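Colleague: The structure under discussion is supplied below as structure tokens; questions concerning it will follow.
The values are calculated or read from the model by the stated rules, or taken from the named source; none is laboratory data. Computed from a prediction, not measured in an experiment: that's the story for all the values here. Cβ coordinates were reconstructed from backbone atoms using ideal geometry, including for glycine residues, and neighbour counts include every protein chain displayed. Keep in mind that these areas ignore ligands, DNA and RNA; they rest on the heavy atoms of the full protein, side chains included. Shrake-Rupley method; radii C 1.70, N 1.55, O 1.52, S 1.80 Å.
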Amino acid sequence: MTTSTSPESQDIRDVVIIGGGPVGLLLAYQLARFGCKPSVIEQDDKTRIPSYGRASTLWPRTIELLDQLDLAEPLLQAGMITRSGLHFHEGRRVKGGLMYGSRMDKLGDTFFKFALHLRQRLTEEIITEAALKDYRFQPMILHQIESYTIDQNDDSYPVTVQIKDLRTEKMVQLKCKYLVGADGGKSTVRKLARISFDGERTKSQWIRMDALVKTDMPNSRYLNSIDSASHGQILWCPIDNGLTRIGYVFSGSLIEKYGGVEGVTQEVAMKEAKHALHPFQLEFLSVDWFTIYGIGQRIASTFCADGRIFLAGDAGHTHSSGSAQGLNTGVHDAVNLAWKLALRVRGLAKETVLHSYDAERRRVVQTVIDIDKVISTLISGHYPPQFQGRSEPTRELLTEWFNDLNMQHFTLGLGISYPHSLLNMDTTDSSSATIEPGERGPDVYLTSLGTGDPLRLQKILSNRAKFSLVVFAGNPEYTRLALCDLGNAMTASDSFINMFPEQAFQWFTIPAASGNGGQEILGCRPFGKVYMDGDMKAHEMYGVDVQRGAIIVFRPDGWIGIVVPLTGAEQLRVYFDGMLYRH
Ligand SMILES: Cc1cc2nc3c(=O)[nH]c(=O)nc-3n(C[C@H](O)[C@H](O)[C@H](O)COP(=O)(O)OP(=O)(O)OC[C@H]3O[C@@H](n4cnc5c(N)ncnc54)[C@H](O)[C@@H]3O)c2cc1C
């Protein structure tokens, strides 16, 4: 990170974000991309911190979300991909364990059927570089929040944040519309807002280390796991630059052996890693980073206070790294919050849109925590309440747990959905499509006009804080009349689309047909850009009858907002009236 210009000259911001970790940076990147003025306040100069590993695995749904923000490609260029993994016991390959690898071939429609591994430091650097290059945004480093106040009589910039410049000890003030705490598990913002952090800490301690190693383990560049009697379920994860993330349980007897956690040096971590991997050989060429940390699960009692203060990432929830959920969940938070803040800041959305952040995200995070309690206990070699009375080895129970497809899909982010609400509106007309409001929009290839190049639907629906209105036009031989009527309804002066600011929308038309021109295929004017679904796969995947067509509204973050028939313009008006201000 480099130093930004002095804050005194820039004392008004739309959103002030405390914490320049991955979640705070991603939030700022999006707000800048969506036309807002954010500020990130970060207490450290991370270029001076020699090394830190932390989050190393991004799951498929997280990569999809980052792809829609044009961030997946630079991360993929820097990281390491795994598509499968093996599980070992006493040097032999066995079934079961963490089941990472065997999950990757069952991922349905996503094109990201892999995990992406890179150290958190690189993730932060890449987001920072993109924010600077694309939006000239830089975080304010070596600054720390001291306090904030809210003036309820000030409608424009009611939040005043007191920031300390750690180099000069001088106080500076930033006024803003919203304040976000993305300042990690010990969040000062959460404490200042008096939001409780509910949960508990277990006695389990785990080691994580990033190192350049040599080993005789087969397929050592797969995402493997090893069952060990002495060191729990061992994580073996290839990461960027040829490094490997090794993780194991540091049991009570080991802590005793080394005279407490304080006695665990890098040499001890290396020595115990070698024991843990036995009978495989392990030679350390260099160690980039290691840590020993306690396992616990906590969640903030709310992710929003006074309608102005929000929590995201570790500031709102912490759990083990057993299924690598921390940063993945934080990315989901940041993506869920950014477009809502942006539309609100730009005066387009009603307050109810922002309220949905707490309702949608806290429910999902609670499930992450419930799952984490089970798997972190099993990884540590103990039996959680769900498995009391069972006598099989804990690795078999872990396998049983992850064999549940719903569990896998949730853990990989693909199964995360939001309940019906104003944003995810259930309509009485369920015959238009089988996809449900609140579900993730599946990905599928379409083809471009002319060249016939394959293009992914999710890539087309790039996240620009706009609702995507996608007209699944069906087969125009059957739907031409309805499409023409829809066109007339949209151009009429009392059309719903003229009631709301056009910058909140982007339109696309997908005919279940091929041809040489958009208008030619449809027989009337297309709605936005046309992409062809000649093999009808997209219609089939979304469950749209090609003889009837449908309009599917995607929220800016890619989840389904509402599904209506081609005659459903009035339902769309009701939907957007619930969320957006009219002109
Ligand atoms: C060993 C380990 C392994 C992990 N592995 C994974 C994994 O593989 N996958 C995964 O998804 N997650 C993993 N996690 C979790 C992941 O690291 C966190 O969930 C993630 O870092 C959260 O990001 P964040 O931006 O919310 O918080 P942080 O990364 O903690 O960032 C918070 C930032 O706020 C700054 N800050 C704090 N207080 C203040 C203040 N008062 N003023 C200004 N700045 C402040 C801090 O300096 C920091 O830069 C792992 C965690 C650990 C410990």
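Colleague: So which pairs qualify, if the first residue must be in region 409-420 and within 18 Å of Gly561 (Cα to Cα), the second must be polar (S, T, N, Q) and modelled with pLDDT under 90, the Cβ gap must be under 9 Å, and the two must be at least 6 apart or on different chains?
Modeller: Sorted first by the residue in region 409-420, then by its partner, the pairs are Leu414/Gln408; Gly415/Asn406; Gly415/Gln408.
Colleague: So, in region 67-90, of the ones that are assigned to a loop (DSSP other than H, G, I, E, B) and within 20 Å of the chain's Cα centre (by Cα), which residue ends up surrounded by the fewest Cβ atoms within 10 Å (Cβ to Cβ)? Lay out the reasoning, then the answer.
Modeller: From region 67-90, those assigned to a loop (DSSP other than H, G, I, E, B) are 68-71, 79, 83-86, 90; that's our starting set.
Add one more test, that the residue is within 20 Å of the chain's Cα centre (by Cα), and what stays is 68-71, 79, 83.
Numbers: Gln68: 20, Leu69: 21, Asp70: 15, Leu71: 23, Gly79: 23, Arg83: 13.
Looking at residues that are assigned to a loop (DSSP other than H, G, I, E, B) and within 20 Å of the chain's Cα centre (by Cα), I get Arg83.
Colleague: What are the pairs with Cβ atoms under 7 angstrom where one residue, in region 346-364, is touching a residue at least 40 places away in the same chain (Cβ under 8 Å) and the other, located anywhere, is assigned to a helix (DSSP H, G or I) and of a type in the set (Asp, Glu)? Sequence gap at least six, or different chains.
Modeller: Between residues of region 346-364 that are touching a residue at least 40 places away in the same chain (Cβ under 8 Å) and residues that are assigned to a helix (DSSP H, G or I) and of a type in the set (Asp, Glu), the close pairs are Arg361/Asp333.
Colleague: Given Thr128, Thr123, which one is β-branched (Val, Ile, Thr), at pLDDT 95 or above, outside any loop (DSSP other than H, G, I, E, B) and open to solvent by 20 Å² or more (accessible area, probe 1.4 Å)?
Modeller: Thr128
Colleague: Scan region 200-214 for residues that are of a type outside the set (Lys, Arg), at pLDDT 95 or above and open to solvent by 40 Å² or more (accessible area, probe 1.4 Å) and jot them down.
Modeller: Selection gives Leu212 alone.
Colleague: Considering only residues that are of a type outside the set (Val, Ile, Thr) and crowded, with 16+ Cβ neighbours inside 10 Å, which ones fall in region 263-273? So that I can check it myself, show each step before the final result.
Modeller: To start, the set of residues in region 263-273 that are of a type outside the set (Val, Ile, Thr) comprises 263, 266-267, 269-273.
Across region 263-273, the qualifying residues are Ala269, Met270, Glu272, Ala273.
Colleague: Is there any pair with a first residue in region 231-252 that is over 19 Å from His89 (Cα atoms) and part of a helix (DSSP H, G or I) and a second that is open to solvent by less than 10 Å² (accessible area, probe 1.4 Å) and within 13 Å of the ligand (Cβ to nearest atom) whose Cβ atoms are under 6 Å apart and which are 6 or more apart or on different chains, and what are they?
Modeller: Final answer for the pair search is Asp240/Leu118.
Colleague: Also, quick follow-up: Scan (1) at pLDDT below 95; (2) more than 20 Å from Ile17 (Cα to Cα) for the single condition Thr62 breaks and write down its number.
Modeller: With respect to (1) at pLDDT below 95; (2) more than 20 Å from Ile17 (Cα to Cα), Thr62 is out only on (1).
Colleague: Now for a separate question. For Gly184, work out the one condition from (1) within 12 Å of the ligand (Cβ to nearest atom); (2) assigned to a strand (DSSP E or B) it doesn't fulfil.
Modeller: Condition not satisfied by Gly184: (2).
Colleague: Please find, within region 279-319, the residue that is nearest to the chain's Cα centre (by Cα) out of those that are loosely packed, with under 15 Cβ neighbours inside 10 Å and away from the ligand (no atom under 14 Å from the Cβ).
Modeller: That would be Ser301.
Colleague: Quickly run through region 20-48 and pick out the residues that are near the ligand (Cβ under 9 Å from one of its atoms) and either of a type in the set (Lys, Arg) or open to solvent by 10 Å² or more (accessible area, probe 1.4 Å) (or both).
Modeller: Within region 20-48, Gly21, Pro22, Val23, Glu42, Gln43, Asp44, Lys46 meet the criteria.
Colleague: Only residues that are within 30 Å of Arg344 (Cβ to Cβ) and surrounded by 15 or more Cβ atoms within 10 Å (Cβ to Cβ): list them for region 511-536, please.
Modeller: Let us first name the residues in region 511-536 that are within 30 Å of Arg344 (Cβ to Cβ), namely 527-529.
Within region 511-536, Phe527, Gly528 meet the criteria.
Colleague: Let me ask something else. Could you check region 273-296 and list, in sequence order, the residues that are among the charged types (D, E, K, R) and closer than 28 Å to Gly185 by Cα?
Modeller: To start, the set of residues in region 273-296 that are among the charged types (D, E, K, R) comprises 274, 283, 288.
Asp288 - this is the single residue of region 273-296 that is among the charged types (D, E, K, R) and closer than 28 Å to Gly185 by Cα.
Colleague: So, in region 349-367, of the ones that are aliphatic (A, V, I, L, M) and open to solvent by less than 10 Å² (accessible area, probe 1.4 Å), which residue ends up nearest to Pro501 (Cα to Cα)? Step through it out loud before you land on a result.
Modeller: Quick first cut of region 349-367, residues aliphatic (A, V, I, L, M) only: 349, 353-354, 359, 364-365.
From what's left, open to solvent by less than 10 Å² (accessible area, probe 1.4 Å): 349, 353-354, 364-365.
Working: Ala349: 10, Val353: 16, Leu354: 18, Val364: 31, Val365: 33 Å.
Among those residues, the one meeting the criterion is Ala349.
Colleague: Cβ-Cβ under 8 Å, sequence separation 6+ or interchain: first residue in region 186-209 and closer than 22 Å to Gly21 by Cα, partner away from the ligand (no atom under 15 Å from the Cβ) and assigned to a helix (DSSP H, G or I). Which pairs?
Modeller: Taking only residues 6 or more apart or on different chains, the pairs are Ile207/Glu272; Met209/Met270.
Colleague: Now for a different question. Kindly list the number of the only condition in (1) assigned to a helix (DSSP H, G or I); (2) modelled with pLDDT under 95 that fails for Thr479.
Modeller: Exception for Thr479: condition (2).
Colleague: Additional query: Of everything in region 141-169, what is acidic (Asp, Glu), over 19 Å from Arg48 (Cα atoms) and within 16 Å of the ligand (Cβ to nearest atom)? Give them in sequence order. Full working, then the answer.
Modeller: First pass over region 141-169, keeping only residues acidic (Asp, Glu): 146, 151, 154-155, 165, 169.
Then keep just the ones that are over 19 Å from Arg48 (Cα atoms); that gives 146, 151, 154-155, 169.
Listed by number, the residues that qualify are Glu146, Glu169.
Colleague: Being assigned to a helix (DSSP H, G or I) and buried (at least 17 other Cβ atoms within 10 Å of the Cβ) is the filter here, so list the residues in region 133-151 that pass it.
Modeller: Looking only at region 133-151, we keep the residues that are assigned to a helix (DSSP H, G or I), and these are 133-135.
Within region 133-151, just Tyr135 meets the criteria.
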